Amino acid sequence: MAVLARGLGIPAVFGVSHLPLGSLNRREVVVDGYSAHVCIQPGPALRQKYLKLVDDKAELARDLQALRHLPALTPDGHHLELHVNSSLFADIALARDSGAEGVGLHRTELTFYLFDRLPSEEEQTSIYTHILQAMAPRPVVLRTLDIGGDKPLPYWQINEPNPALGWRGIRVSLDQPDSFKTQLRAMLRAGMTCPNLAILFPMITSVSELSRALALLRQAQEELLEKGLPAAWPRVGLMVEVPATVYQIDTLAPMVDFISIGSNDLTQYLLAVDRTNARVATLYDSLHPAVLQAIQLVVKRAHLAGRPVSVCGEMAGDPAAALLLLAMGVDQLSISLGNLLKIKWMVRTIPHRHAQELLAEVMQMDNATPIRERLHHVLREYDLDS
Ligand code: PEP
Ligand code: MG
């Protein structure tokens, strides 16, 4: 729900307790997704404040539309590729006209929710073809199924005491090779009509997991060839979402074509904070120095191996964090649609050189709060803090 709401630009607040649902009928409610507040029957002053906020945001969104077809170039000529995250047809249709350079992360698990069983190879082929065609010739990264953890499939119940550390992502796919290869064949078949396909493996934790995933992809390709369907080998990427992967990046990076940092999970696992637990929500911060150091390390090492790096977690859509990612030399951001133009505005306003000076300064800081304050101070100086 959170992923979808963000993709479609719908304000949403999660983890609200004691909501008097029974007595909300016909009452006015403010859902403030920025500050995570729900306000029932606001008084006139508050109501006015929010109506003005809605107007201001709408005006900003209209102004930002002018940036749609301009390149994401800093004033001193540094290009940062801006792609979007998608998960359903609804947001692919919006992504097509958004000015995005491609889809940097398509979460295939969301489509699986529309079925009451695993979709067949034919069904998946048709869905993936539609997605690739909608964006062609721009690249589309299809991520293999990432269920488990906070994304359980209703018809594939996984009951575990600690799902975030349990059977999820690539672990499920490798343990169910037939379903995994069905998905891989469907992706490869879609790539036969549209050569803009890239495939991404989620939650990789070890070299052997990546080797097995690649071997199954090779098998899927051979199975198609035996049926007279000569599918091309696509670009393949690996997600960096677990600390173990950060420290094995020297070995893992040369095995793939690109790296995609999933900062949502990387933050959760580095800080040991469940990203869906409201009680510890204030501890979850992607600007924590440990997260920034991990990302910087991955970018440096992946570049040494000659592999481009994308960041596809939610931090890529936060202008303060994106400023640091730009300075670190991240090649691509993949962002929720609603934040795309805001980030392009930031990129086109702040010189890369200044971003790098700022990065050097904040990497000396010990806590996320002063880092955030410093970054917002700079965004305000450039009139970007809206
Ligand atoms: C991430 O972990 O940053 C990511 C993009 O994957 P998801 O949010 O789907 O787990
Ligand atoms: Mg993830």
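Among the listed residues 236, 240, 256, identify the single one that is within 16 Å of ligand 2 (Cβ to nearest atom), surrounded by 17 or more Cβ atoms within 10 Å (Cβ to Cβ) and at pLDDT 95 or above.
Step by step, each of 236, 240, 256 is checked, and only 240 is within 16 Å of ligand 2 (Cβ to nearest atom), surrounded by 17 or more Cβ atoms within 10 Å (Cβ to Cβ) and at pLDDT 95 or above.
Looking only at residues in the stretch 3-45 that are within 16 Å of ligand 2 (Cβ to nearest atom) and under 16 Å from residue 318 (Cα atoms), which one is least open to solvent (accessible area, probe 1.4 Å)?
Among them, the one singled out is 7.
Only one of these conditions is not met by residue 105: (1) open to solvent by less than 10 Å² (accessible area, probe 1.4 Å); (2) at pLDDT below 95. Which number is it?
The failed condition is (2).
Which pairs turn up if I take residues in the stretch 161-185 that are closer than 15 Å to residue 124 by Cβ and look for partners that are open to solvent by 20 Å² or more (accessible area, probe 1.4 Å) and of a type in the set (Ser, Thr, Tyr) with beta carbon separation below 9 Å, at least 6 apart in sequence or on another chain?
The qualifying pairs are 173/179; 182/120.
Answer with yes or no whether residue 208 is away from ligand 1 (no atom under 14 Å from the Cβ), within 18 Å of residue 106 (Cβ to Cβ) and open to solvent by 60 Å² or more (accessible area, probe 1.4 Å).
Against the criterion (away from ligand 1 (no atom under 14 Å from the Cβ), within 18 Å of residue 106 (Cβ to Cβ) and open to solvent by 60 Å² or more (accessible area, probe 1.4 Å)), residue 208 does not qualify.
When you go through (1) open to solvent by less than 20 Å² (accessible area, probe 1.4 Å); (2) more than 27 Å from residue 273 (Cα to Cα); (3) at pLDDT below 95 one by one for residue 155, which number turns out not to apply?
(1)
Restricting attention to helices (runs of 4 or more DSSP H) lying wholly within the stretch 223-309, give those where 2 or more residues are among the polar types (S, T, N, Q).
263-271, 289-304
Okay, residues lined up against (1) over 28 Å from residue 141 (Cβ atoms); (2) open to solvent by 30 Å² or more (accessible area, probe 1.4 Å):
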residue: 291; (1), (2): no, no
residue: 303; (1), (2): no, yes
residue: 316; (1), (2): no, no
residue: 343; (1), (2): no, no
residue: 348; (1), (2): no, yes
residue: 361; (1), (2): yes, yes
residue: 365; (1), (2): yes, yes
residue: 371; (1), (2): yes, no
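The values are calculated or read from the model by the stated rules, or taken from the named source; none is laboratory data. This is a predicted model, so every value here is computed, not measured. As a convention, Cβ positions derive from the backbone with ideal geometry for all residues, glycine included, and neighbour counts pool all protein chains shown. We work out accessible area using only protein heavy atoms, side chains counted, and drop any ligands, DNA or RNA first. Shrake-Rupley method; radii C 1.70, N 1.55, O 1.52, S 1.80 Å.
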